[in-house]
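The values are calculated or read from the model by the stated rules, or taken from the named source; none is laboratory data. Just so it is clear, the model here is predicted, and its values are computed rather than measured. Every residue, glycine among them, receives a Cβ derived from its backbone with ideal geometry; neighbour counts consider all protein chains shown. Surface accessibility is based on the protein's heavy atoms, side chains included, excluding ligands, DNA and RNA. Shrake-Rupley method; radii C 1.70, N 1.55, O 1.52, S 1.80 Å.
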Amino acid sequence: CVAEAHDVARDVTHGGSCPHSTRGCQGNVTPVIDLSGAWRALPADDELRRQFPLSSFDDASWETVNVPHHWRNTPAFASLDGPLLYRRSFETPLVDPATGEVPQRWWLQLDGVFYQGDVWLDGTYLGDTEGYFAAHTFEVTDALAAASEHTLAVEVACAAQNSRRAKRNLTGVFQHWDCIDPDWNPGGIWRPVRLVGTGPVRMERLRVLCVEASAERAVLALRANLDTRTQQSVRVRTQVAGTEHELEQTLASGMNRVEWRVTIDNPGLWWPHAMGDAILTEVEVRVEDPASGVIHDQRRRRTGLRQIRARNWMFEINGERIYLKGANQGPARMAIAESTAAELRHDLQLARDTGLDFLRIHAHISRPELYSAADELGMLLWQDLPLQWGYARSVRRPAVEQAREAVDLLGHHPSIFHWSGHNEPLALDVEMGESMGEPKRAATMIGKYLALQEFPTWNKSVLDLAIHRALTKADPSRSSAAHSGVLPGPFSGGTDAHLYFGWYHGGERDLPHFLAAVPRMARFVSEFGAQAVPQSAEFCEPHLWPHLDWDRLTRTHALQRLFMERHTPIDGHDTFESWAAATQRYQGEVLRRHIEELRRLKYLPGGGFAMFSWADARDHAAITWSVLDHDRVPKAGLASVAAACAPVIVVCDRPPAQLAPGMVLNLDVHVVSDLRSTLREATVSAELSWHTPGVSSPELTPEPVRWNWAGDCPADHVVRVGSVVATVPALMDGSSMRLDLVLTQNDHHASNHYSSIISAAAPSRTWPWKAFGGRTRTG
C-alpha cells in the first residue's frame with residue numbers, strides 16, 4: 001500500500017489504488033477504503049428523493065449495479081436519461097475503542113460523476129458536484145466517528161440536452177457529436193468512490209507545471225491547497241530528480257493556498273518520440289509537522305521536464321522547432337468507464353507507429369490511463385475542454401472552474417502541449433445532410449454559419465474568452481486557445497482551421513488554391529477528411545444492397561449520405577463491398593494529398609495539422625471520418641496516412657485530373673524532411689510516362705521523359721529540387737499520364753506518383769496555377 005494511492009493524480013499517473021479495505025496501513029501510509037462495487041439504484045421521483053438518503057430506508061427491491069459504471073449499460077436503465085438514485089451501506093472499523101475517536105481526518109472522494117450529483121451520508125447532506133472528469137471531496141470525519149455503520153446516498157443527473165444550441169451540461173462529445181450514438185446518455189458514477197484518511201492537514205489540488213527546461217536547469221512551479229482545522233505550522237518537503245526543497249509555512253484555519261518553485265540542475269529532459277527519449281521524473285510532495293517530522297499528507301506526480309513555446313501556431317519543444325503531424329481522437333468508448341488501459345495505449349501506439357506526433361483529444365477529457373501512456377510513449381496531446389458547439393449562458397461559471405480543474409488534474413503531464421477551450425463555438429443544431437439537400441435550407445444554414453463565425457456571439461466572445469483567461473492564468477507553461485475552428489474576420493484573427501475540401505465544400509483538389517488565396521488558414525489545420533465505410537460493416541446489413549436502411553445509418557451510425565453520394569455515389573457499384581472499397585479509396589486520397597500539401601507548407605506558414613479522425617469508439621459501429629473502425633480494423637486510409645507522414649517524402653505540384661493535348665505542365669518537385677539531421681547525398685528521379693488504352697506498340701506511344709537531381713536536404717526542412725516541365729502530347733481521349741517520383745539515400749527511401757486522364761474537353765493552360773502561394777523554396 002502506498003501513501004498517495006488515494007490521490008486522483010496518482011491514479012492518473014499509475015492507474016492504481018490501495019488494495020486495503022480496512023485500517024491496515026501503518027505509520028505514514030495513508031489508509032484508503034474502496035466503496036466501489038455493488039450499489040443499489042433506482043430512478044428518482046419526488047417521494048424517493050425525500051426518503052432514500054436515510055439509513056433506515058429499505059432498498060432491498062432496488063436494482064443492483066456495479067460502480068463504476070454508466071447506467072445505460074444496466075438493462076433496467078438502458079433507456080434512462082436520469083436522474084438515478086444510488087445507495088451503498090458500509091461499515092468502517094475506524095473508531096479507536098479506547099477513546100471513541102477517529103485518529104485522523106477522513107474524506108469521501110468521488111473520482112468521477114457524470115454529470116451532476118447530490119451527496120448524503122447517514123441522511124446528512126454533504127453537498128453537490130458538477131463536472132464529470134474532476135474528483136469531488138467532502139470531509140466526513142465527524143460522521144465516521146459517530147457510528148460504525150453508514151449509508152452513502154447519491155443522486156446523479158445527466159439530463160438529455162434537448163436544446164443543443166443552448167446545452168447546459170459540459171460533457172462535450174458525449175452528448176453532442178456526429179461520431180457516436182445521438183441517443184447515448186453517459187450518466188452514472190463512472191470512477192471509483194472511496195474514503196481517504198489524512199493527518200490533521202490535508203493537501204488538495206496539487207498543481208505541478210514545468211515552466212522552464214534546458215540542458216542546464218529545469219524549473220517546476222507547484223501549488224497546493226492545504227486544509228487544516230486549527231492554525232499551525234507545517235513543512236512542505238518536495239523531492240524531485242535528486243533535488244530536495246523545503247518550505248516552512250504557517251497555516252490559518254481553513255483552506256490555505258501555498259505556491260513554490262523547485263529548480264533542478266542538469267535535468268534529464270522529456271522529448272516527443274520523434275525528437276528523443278521520453279524521460280519521466282517522480283515528484284513527491286509531503287506536508288510534515290516541523291517538530292516531529294510526522295507526515296500529515298503526501299502526493300506523488302510523475303512528470304517530464306520539458307519546455308513548450310508557441311508563436312503563430314508554430315511550436316518548440318525544449319527550444320527546438322517541430323512540425324506537428326496529428327489526428328483528432330474521440331472517446332475510446334462511449335461508455336468511458338469501460339475503456340481499459342490496454343485499449344488506450346494501443347490507440348496511442350498505433351498513432352506513433354503510423355508516424356503521428358500527437359493526438360487531439362477532441363472535446364472531452366479522457367481516462368487517466370491515456371495520459372500516462374502518452375507520457376511514456378512520447379506522444380504529444382492537444383487537450384480540448386469538454387465543450388462543443390452551442391451552450392446556455394448559465395455555464396460560464398462552471399466552465400471557468402472546470403478549466404482550472406483540468407490544469408490541476410492534468411498539468412503535470414509532459415505530453416500535453418496545448419489547451420483548447422471550445423470546439424466550434426457555434427450555436428447551430430442542423431442536420432447537415434438534410435439541410436444541404438434542400439437549397440433554401442442550405443442557403444439559410446450557410447448564412448447563419450457565416451454570421452456566427454464573423455460576428456460576436458455570447459459563446460465565442462464571452463464564454464470562450466473567460467475560459468481562455470482561466471487557462472492562461474492557471475497554466476502559463478503551455479499555449480492555449482479560446483476556441484477551435486473560428487474563421488478570421490473583422491472581429492477576430494481566427495484560430496486553427498477546419499477545412500473539409502472534398503467533403504463539405506468544394507473538391508478534394510481545391511485545398512492548394514484556397515491556401516494560396518488565404519495563407520492565414522494554413523497556420524494549423526486541425527480538421528479535414530472524408531467519411532469511409534469500415535471493414536467491420538455487418539451493422540450496415542450488406543445483404544440488403546442497394547436498399548440499405550439509409551435512415552438508420554444516418555440517424556444512428558453517423559452516415560452523411562448526401563456528401564457520400566456527392567463524392568462516392570452508389571450508382572455503378574453492383575455490390576456493397578465495391579461501394580465500401582470506393583469510399584475507402586476516396587478517403588485515402590483526400591488524406592494523403594491534404595497531408596502532403598500541408599507538409600509542403602511547413603513553417604511557411606504551417607505549424608502542423610490534425611486530420612479528422614483517428615479511431616472510432618469501440619462500443620459503437622459507425623460510418624465516420626476515422627481510419628480505424630470500432631474493431632480497430634484499418635481502413636485503406638491508414639496506409640495513405642502512414643505514407644504521407646513518413647519522416648521523408650517527395651512531392652510535387654499536383655497535376656489536374658484531366659489534361660488537354662498541348663497543355664504545358666510545369667510542376668515543382670519538393671523534398672520534405674522531418675529528420676533532426678541533414679539528409680545527405682540524396683537523389684530524386686522523376687519519370688513522366690503516357691499510356692493509351694489498347695495500344696501496346698512503343699512506336700505509337702511517346703517515350704517516357706526522365707529527370708534526375710541530387711543534393712542535401714537540411715534538417716527539418718523543405719527544399720525545391722527542380723521542376724518537371726512537359727507538353728501534353730496529342731493522344732486520344734481516355735489516354736493517361738503517370739508521373740513517378742523516387743527519392744533514394746543510404747538510410748531513406750520515398751516514392752510518390754500522380755496520374756491524370758487526357759481529354760480534349762479539358763482546359764488547355766499552363767499548370768499549375770499559383771497553388772503554392774507564389775513561394776519558392778530553394779535547394
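If the condition is being closer than 21 Å to Gly199 by Cα and open to solvent by 20 Å² or more (accessible area, probe 1.4 Å), then segment 246-264 contributes Glu246, Leu247, Glu248, Gln249, Thr250, Ala252, Ser253, Gly254, Met255, Asn256, Arg257, Glu259.
Note on segment 299-346: residues that are among the acidic types (Asp, Glu) and touching a Lys or Arg at 6+ places or on another chain (Cβ under 7 Å) total 2.
The set of residues in segment 627-651 being touching an Asp or Glu at 6+ places or on another chain (Cβ under 6 Å), open to solvent by less than 10 Å² (accessible area, probe 1.4 Å) and farther than 13 Å from Gly326 by Cα consists of Asp629, Val651.
Hey, Tyr371 hits all of (1) part of a loop (DSSP other than H, G, I, E, B); (2) open to solvent by less than 10 Å² (accessible area, probe 1.4 Å); (3) not hydrophobic (A, V, I, L, M, F, W, C) but one; which does it fall short on? Tyr371 satisfies all of (1) part of a loop (DSSP other than H, G, I, E, B); (2) open to solvent by less than 10 Å² (accessible area, probe 1.4 Å); (3) not hydrophobic (A, V, I, L, M, F, W, C) except (1). For segment 567-605, taking the residues that are more than 28 Å from the chain's Cα centre (by Cα) and among the β-branched types (Val, Ile, Thr), the one that is surrounded by the most Cβ atoms within 10 Å (Cβ to Cβ) is identified as Thr568. Under the condition of being within 16 Å of Ser755 (Cβ to Cβ) and assigned to a strand (DSSP E or B), the residues counted in segment 717-734 number 2.
For segment 58-73, does any single residue satisfy the condition of being on the phi < 0 side of the Ramachandran plot, part of a loop (DSSP other than H, G, I, E, B), open to solvent by 60 Å² or more (accessible area, probe 1.4 Å) and not small (Gly, Ala, Ser)? Taking every residue of segment 58-73 in turn, at least one turns out to be on the phi < 0 side of the Ramachandran plot, part of a loop (DSSP other than H, G, I, E, B), open to solvent by 60 Å² or more (accessible area, probe 1.4 Å) and not small (Gly, Ala, Ser). Scan segment 108-156 for residues that are farther than 29 Å from Asp45 by Cα and either open to solvent by 50 Å² or more (accessible area, probe 1.4 Å) or at pLDDT 95 or above (or both) and the total you get is 3.
Just one of the numbered conditions (1) acidic (Asp, Glu); (2) assigned to a strand (DSSP E or B); (3) within 21 Å of Arg585 (Cα to Cα) is not true of Asp631: (2). Confirm whether Ala327 is of a type in the set (A, V, I, L, M), open to solvent by 30 Å² or more (accessible area, probe 1.4 Å) and in contact (Cβ under 8 Å) with a residue 12 or more places away in the chain. No.
The numbered conditions (1) on the phi > 0 side of the Ramachandran plot; (2) open to solvent by 10 Å² or more (accessible area, probe 1.4 Å) are all true for Gly608 except (2).
Test Thr198 against the criterion of being buried (at least 23 other Cβ atoms within 10 Å of the Cβ), within 25 Å of the chain's Cα centre (by Cα) and of a type in the set (Ser, Thr, Tyr), and give yes or no. It is false that Thr198 is buried (at least 23 other Cβ atoms within 10 Å of the Cβ), within 25 Å of the chain's Cα centre (by Cα) and of a type in the set (Ser, Thr, Tyr). Considering only residues that are among the hydrophobic types (A, V, I, L, M, F, W, C), modelled with pLDDT of 75 or more and assigned to a loop (DSSP other than H, G, I, E, B), which ones fall in segment 735-779? Across segment 735-779, the qualifying residues are Ala760, Ala761, Ala762. Selection of segment 374-388 for residues being acidic (Asp, Glu) and open to solvent by less than 10 Å² (accessible area, probe 1.4 Å) yields Asp375, Asp384. In the set (1) open to solvent by 20 Å² or more (accessible area, probe 1.4 Å); (2) under 20 Å from Ala427 (Cβ atoms); (3) touching a residue at least 40 places away in the same chain (Cβ under 8 Å); (4) under 22 Å from the mean Cα position of the chain (by Cα), Pro476 fails one condition alone, (2).
Criterion first (modelled with pLDDT under 95, under 30 Å from Pro763 (Cα atoms) and open to solvent by 20 Å² or more (accessible area, probe 1.4 Å)) does Pro656 satisfy it? When the stated conditions are applied, Pro656 does not pass them.
Of all residues in segment 241-280, those satisfying the criterion of being touching a His at 6+ places or on another chain (Cβ under 9 Å) and hydrophobic (A, V, I, L, M, F, W, C) are Trp260, Val262.
Taking every residue in segment 661-679 that is in a loop (DSSP other than H, G, I, E, B) and pairing it with any residue that is among the basic types (Lys, Arg) and surrounded by fewer than 18 Cβ atoms within 10 Å (Cβ to Cβ), at least 6 positions away or on another chain, the pairs with Cβ-Cβ distances below 8 Å are Met663/Arg765.
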